[in-house]
Each structure stands twice: as structure tokens, then as C-alpha cells.
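Chemist: Let me give you the structure first, and then I'll get to my questions.
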Amino acid sequence: MRLQYPSNIQIILVPCTGKVDALYILRAFEKGADGVYVVGCMEGDCHFNNGNFRAHKRVEQVQKILDTINIGGERAQMYNLSSSEGPRFAQIAVEMDEKIRKLGPNPIKLAKKKAA
Amino acid sequence: MIVADKKPIEEIIEEIKDDEKILILGCNECVTVCEAGGKKEVGILASALRMYFLNQGKEVKIDEKTLERQCDHEYLEEIRDVMDQYDAVVSLACGVGVQFMAEKYQSTPVYPGVNTCFLGVTEERGLWTERCQACGQCILARTGGICPVSRCAKRVFNGPCGGSTKGKCEIHNEIDCAWQLIVDRLKALDRFDDYENLIPLKDWSFERAGGPRKVVREDVQQ
Ligand code: SF4
């Protein structure tokens with residue numbers, strides 16, 4: 001399909017979104033990621049039954065933590081789509097890119113630069 | 001197992017806000033099973049705290065470690081060599097672990113990272129319920145294996161009380177009446193006649209009411 005999506009997005013492959021731990025997402029923010037989104041299969045379509053539901057809960061958990069520590073919970077998001085929806089994948093990437101640009105850079109990245 | 005629940009991060013931040021070198025110390029036993037204080041929870045808390053302090057412009061060193069247990073000398077000894085590197089420890093063990101840490105390392109403040117709740121079971125993932133209050137003299141043999149001390153709101157010994165309604169306790173309609181459960185179980189065991197045998201007064205001195213308790217087993221002492 002050769003669809004275009006923002007080149008600043010780094011894709012990390014996992015066998016199922018159920019493998020995505022809250023800690024993975026937090027570590028990404030700790031390392032300076034401006035936003036993290038988890039893209040899982042459609043709800044009800046998980047090959048392992050509830051991997052994407054688990055991922056959803058973990059994203060919510062991370063959102064709460066990010067809000068508590070003033071990083072901003074909206075920087076973490078969960079999307080569901082099926083593997084055949086290439087255009088939707090690209091559209092989500094654009095959406096997320098815009099959302100994070102509006103929020104500005106991860107304050108941790110700035111704080112790290114200041115501390116260095 | 002001992003069931004604990006995570007403390008809000010804000011509360012932990014308040015505890016450690018003046019320290020600069022902190023060890024977050026997990027426990028591999030009960031608190032790991034109830035997902036409150038194991039290696040994973042240590043990682044999540046440590047990561048969140050590192051980001052919080054960095055964002056505040058404060059340089060705080062936050063390290064992570066998880067011991068096999070915090071209620072035994074041998075495991076707590078594993079950190080003796082590194083303890084002088086820290087201003088404080090946040091222990092994600094139950095209150096037992098926190099206290100044993102504090103006893104052992106007198107000059108380092110130890111803060112609790114979880115709220116220790118009760119002795120209970122995992123009914124399903126994310127749902128833990130109370131089963132035992134460690135009263136010191138188990139009567140489960142007489143009550144069909146259901147504990148009126150921990151599960152009856154009034155700790156009634158020859159129940160039910162007058163508040164039992166349709167199998168539920170009068171304090172909340174979601175809580176089973178322990179005595180209804182006892183009656184049902186005695187019937188299922190074909191031992192309902194036992195219900196007629198009054199349970200004598202309990203000696204509460206074996207329970208917390210008798211002050212701090214201890215178990216001495218000379219046969220296994222060294
Ligand atoms: S209703 Fe049942 S569980 Fe509740 S206090 Fe009375 S006997 Fe105990």
C-alpha cells in the first residue's frame with residue numbers, strides 16, 4: 001500500500017499487546033519518549049482471548065501514574081484495529097503525532113538535558 | 001497469604017521527599033502474588049519516582065531490589081553491604097517485612113510502600129478476600145471449615161445473629177453471612193447435628209487481645 005505515516009514513530013513489535021507491560025511504557029517515557037501508543041487487535045478478536053483487554057488496563061494504569069507525576073496521562077494511548085486496516089494504522093499514527101505535538105515534548109527529556 | 005494493597009504514589013513521595021538516595025525494596029512472597037510489592041511493582045514505582053523527581057529538578061538516586069523474603073534474617077542480610085549507600089528504604093513488603101527491616105537496620109529510615117490488609121485468598125485475579133485473623137486457636141474443625149472470627153462481622157460463635165438475611169450479612173448485602181455458609185457446609189458434610197453443639201467461650205488471650213504473641217518451638221531451635 002506504501003502508505004505514509006510520520007517518520008518519528010518507532011514501532012516495537014510484540015507477539016500480542018498482552019505482552020506489553022506497564023513497565024515497558026514507563027521505561028519508554030523515562031528514556032524520553034514524548035508519547036507511547038499501544039496498537040492492539042479489535043476487542044473480542046484477540047488470539048489469546050484477552051491480551052488486548054489487559055493492554056488496555058495497563059495503559060490506563062500508566063495514564064494514572066503519568067498524571068500523578070505531572071507528565072500527563074494523555075501521552076499514553078491505546079488503539080484497536082485489525083491487521084488489514086493499513087490506512088487506519090497510518091491515520092492513527094498521524095493522529096497520535098498531532099496529539100503529542102500539541103502536548104509538547106516529554107518534560108523528562110527536558111529535565112534530563114537540564115541536569116546534564 | 002498476607003494480602004496487601006499498593007499505597008498511592010503521592011503518599012510515598014511525601015514520605016521520601018527529603019531523601020536523595022532511596023532503595024525500593026520488594027518481596028518475592030505474598031505481596032508478589034497479590035501484585036502489590038513484587039519485582040514488577042518495584043520497577044513501576046521506581047520508574048515513576050525517578051521521573052517525578054527529575055521533573056521536579058531534583059537529583060534523586062532511586063534503586064530497585066527484590067528479596068526472596070523480608071521476614072527472615074538471611075534474606076535481609078543480602079543488602080547489608082549496600083545499605084550505607086541509601087538515605088532511606090521504601091519497603092514494598094507487608095508490615096512484617098517493613099518492621100524486620102527497621103529492626104535490622106537501625107540507622108536507616110524504612111517507609112512502607114504498601115498497606116497490609118489481611119490474611120486471605122485470591123478469589124480471582126484482582127480480587128482478594130479475607131479468610132483468617134490468626135486468632136491463635138483454630139476452630140475450623142467445628143465450623144465446617146468456615147471461620148466465624150474472620151468472616152462474621154460480629155465474630156459470633158454460635159450464630160447466625162438476627163441480622164442474617166437471605167444468606168447475606170446485615171452489614172452489607174454483598175457480604176455472605178458466615179453462619180449461613182457454616183450451616184450450608186455442615187449440611188453438605190452431612191454433619192448438621194454438630195450445629196446443635198454449642199461452641200464454648202473462646203479464650204481471646206491467644207488472639208491479639210492478649211498482647212504481642214510468639215510461637216516457641218524448642219524442638220526446632222538450634
Ligand atoms: S449476619 Fe451473619 S456474618 Fe453478619 S454478623 Fe450476623 S452472623 Fe455474622
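Values in this text are rule-based calculations from the coordinates and carry no lab data. Source: prediction; values computed, not measured. So basically every Cβ, Gly included, is an ideal-geometry build from the backbone, and we count neighbours across all protein chains shown.
Chemist: Charges on Cβ only, +1 for Lys and Arg, -1 for Asp and Glu, centred on the Cα centroid of region B:120-215; of B:Asn158, B:Gly144, B:Ala209, which one is farthest towards the dipole's positive end?
Modeler: Of the options given, the answer is B:Ala209.
Chemist: Still on this structure: Given charges of +1 on the Cβ of Lys and Arg and -1 on the Cβ of Asp and Glu, with all other atoms neutral, how large is the dipole of region B:81-188 about its Cα centre, in debye to the nearest 20?
Modeler: On the way: 11 positive and 11 negative charges, 164 e Å.
So the dipole magnitude of region B:81-188 works out to roughly 780 debye.
Chemist: By how many nm would the segment from B:Ala141 to B:Ile171 lengthen if fully extended, with 0.36 nm per residue of separation less the alpha-carbon distance? Please list the in-between numbers first.
Modeler: Values: separation 30, 0.36 × 30 = 10.80 nm, distance 2.60 nm.
Extra length available between B:Ala141 and B:Ile171 comes to 8.2 nm.
Chemist: Where does each of B:124-136, B:17-29, B:90-102 land if you order them by average Cβ count within 10 Å, highest first? Kindly include the intermediate steps, with their values, before the conclusion.
Modeler: Working: B:124-136: 13.8, B:17-29: 20.2, B:90-102: 23.2.
Top to bottom by mean Cβ count within 10 Å: B:90-102, B:17-29, B:124-136.
Chemist: Going down the table (A:Lys19/B:Lys61; B:Lys6/B:Lys154; A:Lys31/A:Lys99; A:Lys64/A:Lys102; B:Lys6/B:Lys104; A:Lys112/B:Lys7), which pairs top 22 Å between alpha carbons?
Modeler: Numbers: A:Lys19/B:Lys61 29 Å; B:Lys6/B:Lys154 28 Å; A:Lys31/A:Lys99 20 Å; A:Lys64/A:Lys102 20 Å; B:Lys6/B:Lys104 24 Å; A:Lys112/B:Lys7 27 Å.
Those over the limit are A:Lys19/B:Lys61; B:Lys6/B:Lys154; B:Lys6/B:Lys104; A:Lys112/B:Lys7.
Chemist: A further question follows. Could you tell me how far the Cα centroid of region B:164-188 sits from the Cα centroid of region A:9-39, in Å?
Modeler: Result: 46 Å between the Cα centres.
Chemist: Using a Gaussian network model on chain A with a 10 Å cutoff between Cα atoms, which of A:Ile71, A:Ile11, A:Ile92 fluctuates the most?
Modeler: A:Ile11
Chemist: Here's something else I'd like to know. Please give the calculated 222 nm ellipticity per residue for chain B, where each DSSP H segment of at least 4 residues contributes -39500 (n - 2.57) and the sum is spread over every residue; nearest 500 deg cm²/dmol? Working shown, then result.
Modeler: Details: 7 runs with 58 residues, N = 222.
Result for chain B, helices only: -7000 deg cm²/dmol.
Chemist: A further question on this structure: In Å, what is the Rg of the alpha-carbon atoms in the protein assembly as shown, and how long is Dmax?
Modeler: Radius of gyration, then largest Cα-Cα span, for the protein assembly as shown: 25.6, 81 Å.
Chemist: Still on this structure, please answer the following. So, with +1 on the Cβ of K and R and -1 on the Cβ of D and E, and no other charges, what is the size of the charge dipole of chain B about its Cα centre, to the nearest 20 debye? Write down the numbers at each step before the final one.
Modeler: Values: 29 positive and 38 negative charges, 143 e Å.
That gives chain B a dipole magnitude of about 680 debye.
Chemist: Once R0 is set to 45 Å, what does the formula 1/(1 + (r/R0)^6) return for the Cβ-Cβ distance between A:Ala115 and B:Gln222, expressed as a FRET efficiency to the nearest 0.05?
Modeler: Numbers: r = 51 Å, r/R0 = 1.14.
Using R0 = 45 Å, I get an efficiency of 0.30.
Chemist: Enter the mean projected area of the convex hull around the alpha-carbon atoms of region B:136-222, in nm², rounded to one decimal. Could you put the intermediate results ahead of the total?
Modeler: Details: hull surface 31.5 nm².
Mean shadow area of the hull around the Cα atoms is 7.9 nm².
Chemist: Residue separation times 0.36 nm, minus the C-alpha to C-alpha distance between A:Ser7 and A:Lys99: what's the value?
Modeler: On the way: separation 92, 0.36 × 92 = 33.12 nm, distance 1.52 nm.
Full-extension gain reported as 31.6 nm.
Chemist: Based on the alpha carbons, how large is the Rg to Rh ratio for chain B when Rh follows Kirkwood?
Modeler: Working: Rg = 21.7 Å, Rh = 20.1 Å.
Radius of gyration over Kirkwood radius for chain B works out to 1.08.
Chemist: Just to verify a number: FRET efficiency for B:Val215 and B:Leu189, C-beta to C-beta distance, R0 = 25 Å, to 0.05?
Modeler: Values: r = 30 Å, r/R0 = 1.20.
Using R0 = 25 Å, I get an efficiency of 0.25.
Chemist: Where in chain A is the longest stretch that carries no GluC sites (Glu not before Pro) classed as loop by DSSP and with at most 14 other Cβ atoms within 10 Å? Present the calculation step by step, with values, prior to reporting the outcome.
Modeler: On the way: sites that count: A:Glu43, A:Glu85.
Result, exposed sites excluded: A:1-42.
Chemist: Taking Cα atoms, how many degrees apart are the long axis of helix B:178-188 and the longest axis of chain B, rounded to 10 and kept between 0 and 90?
Modeler: It works out to around 60 degrees.
Chemist: Rounded to two decimals, what is the ratio between the C-alpha radius of gyration of region B:38-157 and 2.2 N^0.38 Å?
Modeler: Working: Rg = 18.8 Å, N = 120, 2.2 N^0.38 = 13.6 Å.
Normalised Rg, Cα atoms only: 1.39.
Chemist: Do you know the relative contact order of chain A, to the nearest whole percent, from alpha carbon pairs under 8 angstrom that are 6+ apart?
Modeler: Details: 131 pairs, mean separation 39.5, N = 116.
Relative contact order, chain A: 34 percent.
Chemist: Cut-off 10 angstrom, C-alpha nodes, Gaussian network model of chain A. Which of A:Val14, A:Val59, A:Val36 fluctuates the most?
Modeler: A:Val14
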